[in-house]
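Data block below; observations after.
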Amino acid sequence: MSLIDDIVDTFLGGADNWKERLGDSISLTSPDGDEYTAKWTGDSREAAKKLGIFIYPRIAGNVVQDLDVNSTRYSIPIHFDGDNCDTDAQGFFESAKQRGTWTVEHPTYGILDLQLISLRENNEPVSNGGIVTIDTEWIEPVELPAPGTGGSAGALNGLGDELNASAVDQFVEGLNDATEALRTGIDTFTNGIANLTDAVMEPLFASVDAVNDAMLAINNGIQDTLNATVLQVRSLAGQIQNLTQTPLLADNDINSRLDYYDDLDEEFFDALPSQANDRRRNDSIISELALLSNTVARAKIASSGITAALAGRPSVGTVFEVTTEAPIQTRPQAVEAAQRIADAFDTLLLNMETTQELFEERAVDLQYFSQPQTFSQAAQLVAKTVEFLLISSFDLAIERTIVLDRPRSPVDITVQEYGGLGENDSNLDLFIRSNELSGDEIYMLPAGREILIYA
């Protein structure tokens with residue numbers, strides 16, 4: 001098409017059909033201005049809505065609250081060809097180490113500002129010579145929130161504290177201890193929640209003396225509250241929250257702590273009632289408090305883990321000084337953690353709404369209703385936690401996957417890729433840990449071995 005045709009086409013409103021609108025290549029400009037043009041054969045993108053789904057007794061269907069949409073994610077294979085395909089691909093790999101967003105001129109979507117998450121090079125000179133394919137993963141970033149709107153660790157912790165306070169109010173208003181039988185049921189179920197928490201979380205907190213001592217003190221406080229002549233419901237609520245949230249102080253690793261809280265959620269779900277009566281309604285309210293406490297714990301896990309990761313240190317940053325692995329390393333790990341936290345909240349809603357359905361045949365004042373006061377705050381906390389992880393991921397490393405073309409030692413790879421072994425061989429330790437090396441692999445890796453590098 002000539003220049004005159006281009007001008008006429010623009011004047012008339014653009015191309016007439018998809019073939020004319022389709023570009024034949026993809027252009028990518030790195031944060032530092034490095035420009036690359038590659039062949040493109042197709043890709044995929046995905047986006048998911050954030051929805052609050054409610055179940056109400058005697059109402060057919062669900063009430064759905066639209067909580068906006070997650071960032072669009074792109075999976076884009078790009079292909080370098082020609083005589084310099086290998087050097088072009090190598091240059092792109094080096095540019096991937098730069099921090100910031102890329103400008104991508106996409107053949108079908110136009111100009112996009114995208115954050116690179118990970119990339120994987122497929123170099124097959126024997127079977128596919130002259131072409132190097134790199135599989136890339138991207139996410140479309142959002143603007144950084146203004147201070148105080150959930151865009152910082154401090155703001156996130158503040159939202160968690162607000163949810164804790166509202167959950168206590170909800171617990172106090174809903175719990176019924178009017179009879180001796182109901183009071184006995186509260187004692188029994190609260191002890192069950194405490195026992196489950198201790199059993200699941202002990203491997204996390206037992207090795208840290210300060211946290212272990214705090215857990216013992218909280219358990220003793222719960223027993224004192226339950227043994228009192230008059231049940232102090234508000235005090236009990238705070239003690240249950242402290243019991244479930246204190247173990248997170250024992251470590252900084254985001255994914256391992258999320259594992260523990262996922263397991264604890266499952267135990268709490270198994271303890272939910274299977275029949276509807278006044279005692280089991282109290283059990284539902286106690287379970288709800290504990291599960292919302294776990295939701296706050298996940299937000300605190302995200303804020304403390306990311307803060308430690310960006311600071312480059314393993315310590316918790318509180319009075320509990322511990323030695324642990326780095327809390328999180330890469331953008332894909334941060335994105336995965338965000339998805340896990342969102343999924344955990346969805347599972348909580350599903351289980352509590354199923355419990356609510358058990359009570360729908362009872363009089364309205366005797367029914368259990370899921371999160372009558374806390375849903376909007378809990379949904380906002382989860383949304384801001386996910387947002388915090390995604391925004392913070394831009395400052396984390398990109399995960400690069402490469403295949404060795406010759407036998408190489410981990411020391412050699414570490415020096416070349418990380419610029420040195422690091423203080424006390426920290427870079428070498430990172431390489432060994434991230435690639436799960438053991439035995440002879442610590443000294444020499446064979447050709448064809450796939451390895452991970454964090455840029």
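The values are calculated or read from the model by the stated rules, or taken from the named source; none is laboratory data. All values derive from a computational prediction rather than experimental measurement. Please note: Cβ atoms are built from the backbone with ideal geometry, for glycine as well, and neighbour counts cover all protein chains shown.
A few notes on this one:
- When the residues of the stretch 228-282 are filtered to those that are β-branched (Val, Ile, Thr), over 20 Å from Asp209 (Cα atoms) and part of a helix (DSSP H, G or I), the one that is nearest to the chain's Cα centre (by Cα) is Ile254.
- Pick from the stretch 328-359, criterion polar (S, T, N, Q) and part of a helix (DSSP H, G or I), ranking: farthest from Pro372 (Cα to Cα): Gln333
- In the set Asp365, Asp412, Asp395, only one residue is among the charged types (D, E, K, R) and at pLDDT below 85; that residue is Asp395.
- Subset of the stretch 415-434 [at pLDDT below 85 and either under 22 Å from Val132 (Cα atoms) or not assigned by TED's automatic domain parsing to the domain that holds Arg449 (or both)]: Glu417
- Residue in the stretch 210-218 that is of a type outside the set (S, T, N, Q), buried (at least 16 other Cβ atoms within 10 Å of the Cβ) and closer than 21 Å to Arg280 by Cα present: no
- When residues of the stretch 81-122 are limited to those that are hydroxyl-bearing (Ser, Thr, Tyr) and surrounded by 20 or more Cβ atoms within 10 Å (Cβ to Cβ), the one nearest to the chain's Cα centre (by Cα): Ser118
Yes/no matrix, rows are residues, columns are (1) at pLDDT 95 or above; (2) touching a Gly at 6+ places or on another chain (Cβ under 9 Å); (3) closer than 24 Å to Thr374 by Cα:
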position: Asn252; (1), (2), (3): no, yes, no
position: Ser256; (1), (2), (3): no, no, no
position: Leu264; (1), (2), (3): yes, no, yes
position: Phe269; (1), (2), (3): yes, no, yes
position: Ser287; (1), (2), (3): yes, no, yes
position: Asn294; (1), (2), (3): yes, no, yes
position: Thr307; (1), (2), (3): no, yes, no
position: Leu310; (1), (2), (3): no, no, no
position: Val316; (1), (2), (3): no, no, no
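- Hits in the stretch 408-455 - residues which are surrounded by 15 or more Cβ atoms within 10 Å (Cβ to Cβ), touching a residue at least 40 places away in the same chain (Cβ under 8 Å) and within 25 Å of the chain's Cα centre (by Cα): Leu430, Ser434, Ile451, Leu452, Ile453, Tyr454, Ala455
- Test: residue in the stretch 342-353 that is within 16 Å of Ser284 (Cα to Cα), at pLDDT 90 or above and among the charged types (D, E, K, R): yes
- Residue count for the stretch 149-182 satisfying the condition of being modelled with pLDDT of 90 or more and assigned to a helix (DSSP H, G or I): 19.
- Filter pass, Thr188 being in a helix (DSSP H, G or I) and either surrounded by fewer than 17 Cβ atoms within 10 Å (Cβ to Cβ) or in contact with a Phe, Trp or Tyr (Cβ under 8 Å, 6 or more places away or on another chain) (or both): yes
- Glu288 vs. criteria in a helix (DSSP H, G or I) and either among the basic types (Lys, Arg) or surrounded by fewer than 20 Cβ atoms within 10 Å (Cβ to Cβ) (or both): no
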